[in-house]
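No value in this document is a laboratory result; all are computed from the given coordinates. A quick note: this is a predicted structure, and the numbers were derived from the prediction, not measured. Positions of Cβ are backbone-derived with ideal geometry, glycine not excepted, and every protein chain shown enters the neighbour counts.
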Amino acid sequence: MNVFDVMWTNRSQVLQLTIEHIFLVAVSMAIALAIGLPLGILMTRMPRISRPVLGFANVVQTIPSLALFGFLIPIPFIGGIGARTAIVALVLYSLLPIIRNTFTGISGVDPAIREAGRGMGMTDSQLLWQVELPLAMGVIFAGIRTATVVAVGVATIAAAVGAGGLGMFIFRGVSMVDGRMILAGAIPSAVLALAADLGLGAVEKRLGRI
Amino acid sequence: MNSTIAFRNVRYAVGGGRMLIHDVSFELQRDETVVILGRSGSGKTTTLKLINRLLDPTSGEVFVEGKSTGEWDPIRLRRHIGYVIQDAGLFPHFTVERNIALVPSLESWPEERIRSRVHEMLELVGLPPGVFAKRFPRQLSGGERQRVGVARALAADPPILLLDEPFGALDPITRSEIQKEFRDLQKRLKKTIVFVTHDVREAFLLGTRIGLMKNGQLLALLPADDFRKLDHPEARAFVESYS
Ligand SMILES: Nc1ncnc2c1ncn2[C@@H]1O[C@H](COP(=O)(O)OP(=O)(O)OP(=O)(O)O)[C@@H](O)[C@H]1O
Ligand SMILES: [Mg+2]
């Protein structure tokens, strides 16, 4: 039996774990966006908080992913065994690229254009929604894309804390010393990452054109 | 105080204490067009920004319609004043149409009225709407962009206009055409205008009074004929560059 035979025999489980995997990534990304976008915007309004926030996000990113999952298990409310822990870890991982790109994208808007908007009598929120965000959208989307691709990869570790996903095959394969089983998890995960990259890349390109 | 715009001992300094504007005082009456001449770096743009409160004076006061700019709501003040930015300052992600419609849409004009106003403005600055309305600023020449900048400033029909070298990028022929059109417009529209340029010919053509700036100071503010006779080396230099 080759890898694909293994995947075919376990096809219903492959499908189920893929769905779990997508679910973990989708929920994490939604939360990371809900936190990261406003935080990135806020940082452009209050430059003093930008250093500590970026510093924190940077530090989180340097923690090895397996260790981060491990750290979270004993923490009450957010930790424990299951999807919740995995989602918290994935959110923490995805925050940096989202925050950083939102901040740099908006800060990178030509000051002359911002001043033109102010000179025409735009309020700060009109300036944000009509000028800064549209012009920063390409950069912000690049961050979302990076975060998603990283999250698809890191989500394979979620299986270690009992959160399911394609990591199940990988961990099972490792314990059984079965390369085909590892690949049965790794291949769909790689396909997911590639699909996310290409899909979001296409959107980014369209946004960048304005 | 009846003047539309007044500066009273205005100074403006940047961080580090460098004075960009030194003790400038003047008054502008309603419907007057003042042209400010001055070399590059003399403080002309800074002066305009003090009027619409993009900058606040370090000391002294700027009055618009009798009220100190510090007391104006900056948003209301700026929508009351049309501003043509040096180098146009158009939004690159807006079409020409949307750029011109900016202030009317901020003021929530009805859609239909905005559209007809935008077309009217495009005709006014000599850009056929059929050709230009849907284009983006990057698809325009420098001179066309400047004209869109003028149309944008006029769109909401503000009683005060600040124009910062609005025709600088035009060829001499178009420039003199648009200057003449602008002069007709001035007569019809009745606006208080501060017009910045370093072109003396333009100053004499459009200004009811001419001001001269140097190193952040307003050296003179005189009717055109008196300005011509002014015995100051900087004024002489400008007048002579014209004849
Ligand atoms: N934010 C700033 N910080 C420091 N210096 C500044 C700042 N803005 C302008 N300046 C300086 O102030 C002086 C006046 O600038 P301003 O833009 O008013 O000149 P201008 O008369 O409009 O010149 P130009 O004809 O070239 O447009 C210049 O020497 C410029 O370098
Ligand atoms: Mg200038």
Q: Mind telling me which of the residues A:170, A:157 ends up being in contact with a helix residue (DSSP H, G or I) (Cβ under 9 Å, 6 or more places away or on another chain) and either within 14 Å of another protein chain (Cβ to nearest Cβ) or over 20 Å from residue A:91 (Cα atoms) (or both)?
A: A:170
(Q) Could you go through the stretch B:61-81 and let me know if any residue there is of a type outside the set (D, E, K, R), assigned to a strand (DSSP E or B), in contact (Cβ under 8 Å) with a residue 60 or more places away in the chain and within 15 Å of ligand 2 (Cβ to nearest atom). (A) no
Q: Those residues that are surrounded by fewer than 18 Cβ atoms within 10 Å (Cβ to Cβ), in a loop (DSSP other than H, G, I, E, B) and within 7 Å of chain B (Cβ to nearest Cβ), I need them from the stretch A:109-130; list them, please.
A: A:123
Q | Among (1) over 29 Å from residue B:184 (Cα atoms); (2) within 11 Å of ligand 1 (Cβ to nearest atom); (3) within 14 Å of chain A (Cβ to nearest Cβ), the one test that residue B:21 misses | A | (3)
Q: Any chance you could count how many residues in the stretch B:63-94 are within 8 Å of chain A (Cβ to nearest Cβ) and on the phi > 0 side of the Ramachandran plot?
A: 2
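Results for (1) more than 14 Å from chain A (Cβ to nearest Cβ); (2) in contact (Cβ under 8 Å) with a residue 60 or more places away in the chain; (3) not hydrophobic (A, V, I, L, M, F, W, C), shown as yes or no for each residue.
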position	(1), (2), (3)
B:96	yes, no, no
B:107	no, no, yes
B:119	yes, no, yes
B:123	yes, no, yes
Q | Close pairs from the stretch A:156-185: first in a helix (DSSP H, G or I), partner buried (at least 19 other Cβ atoms within 10 Å of the Cβ) and among the charged types (D, E, K, R), Cβ under 9 Å, at least 6 apart | A | A:158/A:20; A:168/A:20
Q | Top-ranked residue of the stretch B:154-213 - restricted to ones that are more than 13 Å from ligand 1 (Cβ to nearest atom) and of a type in the set (S, T, N, Q), ranked as nearest to the chain's Cα centre (by Cα) | A | B:192
